[in-house]
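Undergrad: Sharing a structure here in structure tokens format.
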Amino acid sequence: MKKNSNILITGGTGSFGSKFIPLTLEKYNPKRLVVFSRDEIKQWDMQKVYQHDPRVRFFIGDVRDKERLMRALDGIDYVVHAAATKIVPTAEYNPFECVKTNVLGAMNVIDACLDKNIKNCVALSTDKASNPINLYGATKLASDKMFVAGNSYSGSAKCKFSVVRYGNVMGSRGSVIPFFLEKEKDGFFPITDLRMTRFMISLEEGVKLVWKAFEDMSGGEIYVKKIPSMKITDIANAINPKIEKRLVGIRPGEKLHEQMIGFEDSPYTYEYNSYYKIFPSIHNWSSDPSRIRDGKKVSDNFTYSSDTNPEWMSIEDFKKWLKKNHSLIGKY
């Protein structure tokens, strides 16, 4: 992603966009950074923040509407696709709506990027797309596959597509940390399962991984950042060790542990200093030296899961993060 370019982010008023926008304005100084989303209230609030910055533009629209996307992409160089229906129980009870946004919306983004000659597009994925057990994960797996395949049917278009996958974003809206902080006043923390673990990544780390993808991509890669894990009980104890932990059972579609790379992907996965790359199984791209570069092939049957992760965040480190970011938790 070059400086002084034109960038558009779908779902730009969400958690990721709230961090991506200020950091990208500072790092790349784009001509335009277009925030494309369907939530007019969130756009109204965000416009107040950037009302004196002519680089930031706002465009009401839905990724389900290809014609609106085509209009928004006029003159754009780079696209970040962050729009999605993400809440697991919401997707379970509203499956048609989830498919319309996460699958049909992804298809619209790909087609629009090709038709408008976008240079590069990076799509955000989720740990739940690896061996999915819920509808949200299944739709994001379908989306990932489409973005990867977009590189092979682009024809004369020059657009390249890649995917960034990461797990639980610390402190984001709807995640476990603001949920526990809210429940603290009730005198107990609802725990789904004492064995449950989660990957931990900050929004800033997620943004930097997207930047890395733009700088590094050949097209078709899925980037997975190396991040620490935590037990859900350790998160609760770090917030307030004196409060009762009450078992409530796993919610519909919820996983016990997060997984970002399954063993089925191990033949196509390479390790780098701070991340992994899953290469496409098609076109022999996973054995192309010009794509692999300095990557190291992972072992057979390799998995990257929050329960077997070699890196763990300590309660003390989590407390430091909590103290530093307390005022921002749940706002993005």
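Undergrad: When you have a sec, figure out the Kirkwood radius of the range 200-246 from all distinct Cα pair distances and drop it here in Å to one decimal?
TA: Result for the range 200-246, one decimal place: 13.3 Å.
Undergrad: So how compact is the range 290-332: Cα radius of gyration and Dmax in angstrom?
TA: Rg, Dmax (Cα atoms, Å): 17.2, 45.
Undergrad: For n ≥ 4 DSSP H runs only, could you compute -39500 (n - 2.57) per run for the chain, divide by its residues and tell me the 222 nm figure to the nearest 500?
TA: -10000 deg cm²/dmol
Undergrad: Please report the antiparallel percentage of the DSSP beta bridges confined to the chain, to the nearest 5.
TA: 30 percent
Undergrad: So if R0 is 45 Å, what FRET efficiency would Arg195 and Phe96 give, r being the distance between their Cβ atoms, rounded to the nearest 0.05?
TA: 0.85
Undergrad: With a cap of 13 neighbouring Cβ atoms within 10 Å, and only residues DSSP puts in a loop, list the chymotrypsin sites (Phe, Trp or Tyr not before Pro) found in the range 75-159.
TA: Here the chymotrypsin sites (Phe, Trp or Tyr not before Pro) that fit, given the DSSP loop and packing criteria, are Tyr153.
Undergrad: Okay, next question. Taking neighbour Cβ counts within 10 Å as the exposure measure, how do Val103, Val207, Val63 sort from fewest upward?
TA: Details: Val103 17, Val207 21, Val63 27.
In increasing order of surrounding Cβ atoms, one gets Val103, Val207, Val63.
Undergrad: Ok, one more. Counting other Cβ atoms within 10 Å of each Cβ, which trypsin sites (Lys or Arg not before Pro) in the range 205-254 have at most 10 and sit in a DSSP loop?
TA: When the trypsin sites (Lys or Arg not before Pro) of the range 205-254 are filtered for loop state and at most 10 Cβ neighbours within 10 Å, Lys242 remain.
Undergrad: Could you tell me the largest-minus-smallest coordinate of the C-alpha atoms of the chain on each of the three principal axes, in descending order and whole angstroms?
TA: Its Cα atoms span 61, 51, 38 Å along the three principal axes.
Undergrad: Next up: How many Å³ per residue does the convex hull of the Cα positions in the range 189-332 occupy?
TA: Per residue, the Cα convex hull of the range 189-332 comes to 140 Å³.
Undergrad: Comparing Met46, Met200, Met107, which has the greatest mean-square fluctuation in the GNM of the chain with Cα pairs linked when under 10 Å apart?
TA: Met46
Undergrad: Let me ask you something else. For a quick check: with amide H placed at 1.01 Å from N, whose amide H comes under 5 Å from Phe189's, ignoring anything fewer than 5 positions away on the same chain?
TA: Glu244, Lys245, Arg246
Undergrad: Still on this structure: With each pseudo-label sitting 7 Å past Cα toward Cβ, what's the Glu215-Leu104 distance in nm, one decimal?
TA: Going from the Glu215 label point to the Leu104 one covers 3.9 nm.
Undergrad: For the pair Arg57/Asn4, report the inter-label distance in nm, with labels modelled 7 Å from Cα in the Cβ direction.
TA: Going by the 7 Å Cα→Cβ label model, 1.8 nm.
Undergrad: Relative contact order for the range 126-205 using alpha-carbon pairs under 8 Å, separation at least 6, rounded to a whole percent?
TA: Reported relative contact order: 24 percent.
Undergrad: Mind listing the phi-derived Karplus ³J(HN,Hα) values for the range 292-302, rounded to whole Hz, using 6.51, -1.76 and 1.60 with θ = phi - 60°, and x for any glycine or proline?
TA: For the range 292-302, the Karplus curve yields 6, 6, 9, x, 10, 4, 6, 6, 4, 6, 5 Hz.
Undergrad: Compute the relative contact order of the chain as a whole-number percentage, counting only Cα pairs closer than 8 Å that sit 6 or more residues apart in sequence.
TA: Taking the mean separation of contacting Cα pairs over the length of the chain, I get 16 percent.
Undergrad: Summing +1 for each Lys or Arg and -1 for each Asp or Glu, what net charge is found among the other residues whose Cβ lies under 14 Å from the Cβ of Asn134?
TA: Numbers: positive: Lys86, Lys128, Lys140, Arg251, Lys255; negative: Glu92, Asp127, Glu254, Glu258.
Around Asn134, the charge tally is +1.
Undergrad: Now for a separate question. Just list whichever of Lys19/Lys277; Lys66/Lys140; Lys119/Lys208; Lys145/Lys324; Lys119/Lys277 have alpha carbons separated by over 30 Å in the model shown.
TA: Those over the limit are Lys145/Lys324.
Undergrad: Work out how far the C-alpha atoms of the range 30-151 reach from end to end along every principal axis, then list the three figures in whole Å, largest first.
TA: Over the range 30-151, Cα extents along the principal axes are 45, 32, 24 Å.
Undergrad: Arranged by the count of other C-beta atoms within 10 angstrom, fewest first, what order do Ile239, Ile110, Ile250, Ile41 take?
TA: Ordered from fewest to most neighbouring Cβ atoms within 10 Å, Ile239, Ile110, Ile250, Ile41 come out as Ile41, Ile250, Ile239, Ile110.
Undergrad: What are the membrane-span-like helices in the chain by this rule: whole DSSP H runs, Cα extent along the axis at least 18 Å, mean Kyte-Doolittle hydropathy at least 0.0?
TA: 15-28, 135-149
Undergrad: Let me ask something else about it. Once you keep just the Cα pairs under 8 angstrom separated by 6 or more residues, what percentage relative contact order results for the range 130-271?
TA: Worked out over the range 130-271, it gives 34 percent.
Undergrad: How much net charge surrounds Asp65 when only other residues with a Cβ under 13 Å from its Cβ are counted (Lys, Arg +1; Asp, Glu -1)?
TA: +3
Undergrad: Taking a spot 7 Å from the Cα of Arg293 along the direction of its beta carbon, which residues of the range 96-127 have an amide N less than 18 Å from it?
TA: 120-123
Undergrad: In the range 272-332, what trypsin sites (Lys or Arg not before Pro) fall in a loop by DSSP, with at most 13 other Cβ atoms inside 10 Å? Please list the in-between numbers first.
TA: On the way: sites: Lys277, Arg291, Arg293, Lys296, Lys297, Lys319, Lys320, Lys323, Lys324, Lys331; in loops: Arg293, Lys331.
Loop-located and lightly packed - Arg293, Lys331.
Undergrad: If I model a spin label at Trp44 and Asp300 as a point 7 Å from the Cα along the Cα→Cβ vector, what separation in nanometres do I get?
TA: Reported label-point gap for Trp44 and Asp300 is 6.1 nm.
Undergrad: What size of dipole, in debye to the nearest 20, comes out for the chain about its Cα centre when the only charges are +1 on Lys and Arg C-beta atoms and -1 on Asp and Glu C-beta atoms?
TA: 760 debye
Read the figures in this text as sums done on the coordinates, not as results from a lab. All figures in this text were calculated on a predicted structure; none of them were measured in a lab. FYI the Cβ positions are ideal-geometry reconstructions off the backbone, even for glycines, and counts take in every protein chain you see.
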